[in-house]
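S.K.: Input: one structure, supplied below.
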Amino acid sequence: MNRLLVALLIASLAGGAAHAPTVAIPDGSIRGVSADGVSAFKGIPYAAPPVDELRWRAPQPVVAWNGVRDGSGFGHDCMQVPATGDPAIITTTPSEDCLYLNVWRPDGADRLPVMVWIHGGGFVNGGSSARIYDGTRLAQRGMIVVSLNYRLGRLGFFAHPALLAAQPKEAGNFGLMDQIAALRWVRDNITAFGGDPDKVTLVGESAGGASVLSLVTSPAATGLFRGAMVLSGGGRVALFSRPMTGDGAVPTAADTDARYAKTLGIEGDADTALAALRAVPGEELVEGWTLPVLLGGVFRGEQRYDGTPMVDGTIVTGTPQQAFAAGAQTKVPIIVGTTAQDLPLQMPPPPDPMAWFGEGAAAAAKVFNPGGGAPAEAVLSGLGADMSMHEPARFVARSVTAAGRPAWLYRFSYVNEAAANRDAGAVHGEDVAYLFDNVELRYGAATTDADRAAGHALAGYLVNFVRTGDPNGPELPAWPKFDAAKFELMNFTLEGPVFGPDPRAARIELVERAFDRAAQAAR
C-alpha cells in the first residue's frame, strides 16, 4: 500500500510538472501557473535592474538567463512608500530592481489581441501586483493581458543638473522610458504567449491614464499600439507635469531636484555629485513622498510635483492639448472617461474663481453655485474636477474625432451596494476593479449581483474594444461614438449603462468655452 501511495504521489508530481505552462523567448524560458483556463506568467524582466550605475539611465537590455525562470510570483514593485488605504495596494516588497511585467493568456491562445495595463498612483505609488489588477477574468474572455511596473518618484522622474550634464539625451522621464521599453518587449515577445503584436491596446488609470496620453502624443511610442483607453487621466494638461528646465518663472524639474539634492548635502553638476546621488539608498530617495502627500500639496496650490513627469522635448514634447492641436498624436481609436466624483487637480486662480470664465462669469456662478449658498470648498472642488478631469476627457474625445478616428466618452457613476451613500457617485479609482471584472477582490463578501453586473458590463465594453477597436457588442446597451455637437456620454449608473445627456453638461460647456478661449488667445 505504501509503495502504491508513493507511486501515485510521484506520478501526480510528474504530471503537474509536465502540464506547467512554459514559454520560450530569446531571453530565456518562463514557467507559469495555470488555473481556470488561464495561464499566468509573472515577474518577467523586460529590462535590466536599474540599480547602481544604471540608476537614472534609460532601461537597458535584459541579461539572458539559463534554465527555466519561475513565473509563479510577481517581481518587486518599484521603490516607494506604499500608500495605506489604497484599494490597489501593492503586495510585494518595493525595490529598485523592479522592471518586470506579467502576462495572462487563455488556454489555446493564438494571435489574440493584447491589453497593456499601466497602473496609477500619482507617479509615486502603485504597482502591477495589486490584487484588483489580476488579469484572469479578462483573459477568460479571449484576450491577452499584460501589466507592468515602471520607476516611480525621484527614481523614475529626475532631472538634477549633474544628470543633465552627464547624459543630456538620457535624463528625466525614466518611468515613461520604462513603459516604452515594456511596449517594445510586447512587440517582440508577445507572439510566443499567443498574442498579436499588431493588436495592442493601451489602458491606464489616473497616472496610468496620463501615461497613456503621454504615449499617444509621444513620437517615441509611435507604432507600438493600435488603440487606447484613458481612465481619469486628464487631457488638457498632463497630470502633475513640470518643465524640465526653464527661466524660473515656474518650478522646473532641474531646480526642484537640485534643491532636494541640497537637503542631502549634494550640490553642483559635476560627476562627483552624480556619483553621490547614485550612492544614496533608494529608501531615502522615496522617504516621505507618497500620493497623499503629493495630493495634499496640489490641493493647497503648491506646484512642487517632485518625482513626476516633465516636458523633456523628446518623449514629452508638450501638453496633450498642444500635441492634439498640432495633430502630433498617434491617431488611434480611444475610450476616455472619468468617475462621477473625480479629483480636482486644477483650480481657477483666487480670489474670484468665477472670474476665470471671463464674460461667462455670471452664468458660471449660477451653474456652479445655484442659489449662492453652497460652501466655497464644495464649489471649488466640483469646478476643479470639471477643469481637471471631466472637460479634459471630452476634449480628448473631441480631438480624436477631429483627427478622423472614433472616440467613446463615458462617466462611471456606479457605487457598490454596500456603500453608505450610493447617490454621491463613484470616487477616483473606483472603476478599476469593475474594469478588470474583479469586484469580489475589491469588496469580498459584501459583493452583490448588481456589483457583479456592473463589472461584467464595463469589462465587456473593454474586451470588445481590445478585440475589435469598438466597445459595442452583443448583450450590451449600444454605445454611440462621440459627437462633438452633443453633450452626451455613456453613464455607468446604479441602474446599469445608460447612454444620454451628460448630467454635468451645463458646467462642462462653460469650462470648455473658457479653455477654448484661453487656447485661442495663446496662439
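S.K.: Output the number of the condition that Asp437 fails; it satisfies all remaining conditions of (1) modelled with pLDDT of 95 or more; (2) farther than 22 Å from Ala210 by Cβ; (3) part of a helix (DSSP H, G or I).
M.R.: (3)
S.K.: Would you confirm, using the coordinates I've provided, whether Pro251 is modelled with pLDDT under 90 and within 24 Å of Leu176 (Cα to Cα)?
M.R.: yes
S.K.: Next up: Quick test for you: out of Leu295, Leu291, pick the one residue that is surrounded by fewer than 20 Cβ atoms within 10 Å (Cβ to Cβ), aliphatic (A, V, I, L, M), within 26 Å of Gln346 (Cα to Cα) and under 27 Å from the mean Cα position of the chain (by Cα).
M.R.: The match here is Leu295.
Yes/no per residue for (1) among the β-branched types (Val, Ile, Thr); (2) at pLDDT below 95; (3) outside the structural domain of Arg226 (by TED's automatic domain parsing); (4) outside any loop (DSSP other than H, G, I, E, B):
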| residue | (1), (2), (3), (4) |
| --- | --- |
| Val379 | yes, yes, yes, yes |
| Met389 | no, no, yes, yes |
| Val415 | yes, no, yes, no |
| Glu430 | no, no, yes, no |
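S.K.: Something else about it: Go through region 419-445 and give me each residue that's under 17 Å from Gly85 (Cβ atoms) and among the hydrophobic types (A, V, I, L, M, F, W, C).
M.R.: Result: Ala419, Ala420, Ala426, Val427, Val432, Ala433, Leu441.
S.K.: Exactly one condition in (1) farther than 30 Å from Ala363 by Cα; (2) among the aliphatic types (A, V, I, L, M); (3) over 21 Å from the mean Cα position of the chain (by Cα) is false for Ala484; which is it?
M.R.: Among (1) farther than 30 Å from Ala363 by Cα; (2) among the aliphatic types (A, V, I, L, M); (3) over 21 Å from the mean Cα position of the chain (by Cα), the lone unmet condition for Ala484 is (1).
S.K.: Would you check if there is a residue in region 258-265 being within 24 Å of Ser95 (Cα to Cα), surrounded by fewer than 22 Cβ atoms within 10 Å (Cβ to Cβ) and among the aromatic types (Phe, Trp, Tyr)?
M.R.: Scanning region 258-265, I find at least one residue that is within 24 Å of Ser95 (Cα to Cα), surrounded by fewer than 22 Cβ atoms within 10 Å (Cβ to Cβ) and among the aromatic types (Phe, Trp, Tyr), so the answer is yes.
S.K.: Can you tell me how many residues in region 300-328 are surrounded by fewer than 15 Cβ atoms within 10 Å (Cβ to Cβ) and free of Cβ contacts under 8 Å to residues at least 60 places away in the same chain?
M.R.: So the count comes out to 4.
S.K.: Within region 178-210, can you find the residues that are in contact with a His (Cβ under 9 Å, 6 or more places away or on another chain) and among the polar types (S, T, N, Q)?
M.R.: Ser206
S.K.: Of the conditions (1) at positive phi; (2) within 25 Å of the chain's Cα centre (by Cα); (3) surrounded by fewer than 17 Cβ atoms within 10 Å (Cβ to Cβ), Glu475 fails just one. Which one is it?
M.R.: Status for Glu475: all satisfied but (2).
S.K.: From Val463, Val511, grab the single residue that is in contact with a Lys or Arg (Cβ under 7 Å, 6 or more places away or on another chain) and of a type outside the set (Ser, Thr, Tyr).
M.R.: Val463
S.K.: Could you list, in sequence order, all residues of region 330-352 that are modelled with pLDDT of 90 or more and over 30 Å from Tyr414 (Cβ atoms)?
M.R.: Scanning region 330-352 gives Thr330, Lys331.
S.K.: If you don't mind, another one. Any idea which of Ala453, Ala521, Ala457 is at pLDDT below 95, surrounded by fewer than 22 Cβ atoms within 10 Å (Cβ to Cβ), not hydroxyl-bearing (Ser, Thr, Tyr) and not in a loop (DSSP other than H, G, I, E, B)?
M.R.: The unique qualifying residue is Ala521.
S.K.: Only residues that are among the charged types (D, E, K, R) and in contact with an Asp or Glu (Cβ under 7 Å, 6 or more places away or on another chain): list them for region 471-500, please.
M.R.: Glu488
S.K.: Of the residues that sit in region 434-450 and are farther than 16 Å from Gly496 by Cα and touching a residue at least 40 places away in the same chain (Cβ under 8 Å), which one is surrounded by the fewest Cβ atoms within 10 Å (Cβ to Cβ)?
M.R.: Leu441
S.K.: Please indicate, with yes or no, whether at least one residue in region 92-101 is assigned by TED's automatic domain parsing to the domain that holds Leu155 and over 29 Å from Glu170 (Cβ atoms).
M.R.: no
S.K.: Now, a different point. When you look at Ala238, is it among the aliphatic types (A, V, I, L, M) and either within 30 Å of Val114 (Cα to Cα) or assigned to a loop (DSSP other than H, G, I, E, B) (or both), yes or no?
M.R.: yes
S.K.: Could I ask something else about it? So is Gly194 touching a residue at least 12 places away in the same chain (Cβ under 8 Å), touching an Asp or Glu at 6+ places or on another chain (Cβ under 9 Å) and surrounded by fewer than 24 Cβ atoms within 10 Å (Cβ to Cβ) or not?
M.R.: It is true that Gly194 is touching a residue at least 12 places away in the same chain (Cβ under 8 Å), touching an Asp or Glu at 6+ places or on another chain (Cβ under 9 Å) and surrounded by fewer than 24 Cβ atoms within 10 Å (Cβ to Cβ).
S.K.: Scan region 488-508 and give yes if some residue there is in a helix (DSSP H, G or I), surrounded by 18 or more Cβ atoms within 10 Å (Cβ to Cβ) and in the same structural domain as Ala362 (by TED's automatic domain parsing), otherwise no.
M.R.: Yes, that holds for at least one residue.
The values are calculated or read from the model by the stated rules, or taken from the named source; none is laboratory data. Here the structure is a predicted model, which is why all the values come from computation and not from measurement. All Cβ positions, glycine included, derive from the backbone under ideal geometry; neighbour counts span all protein chains shown.
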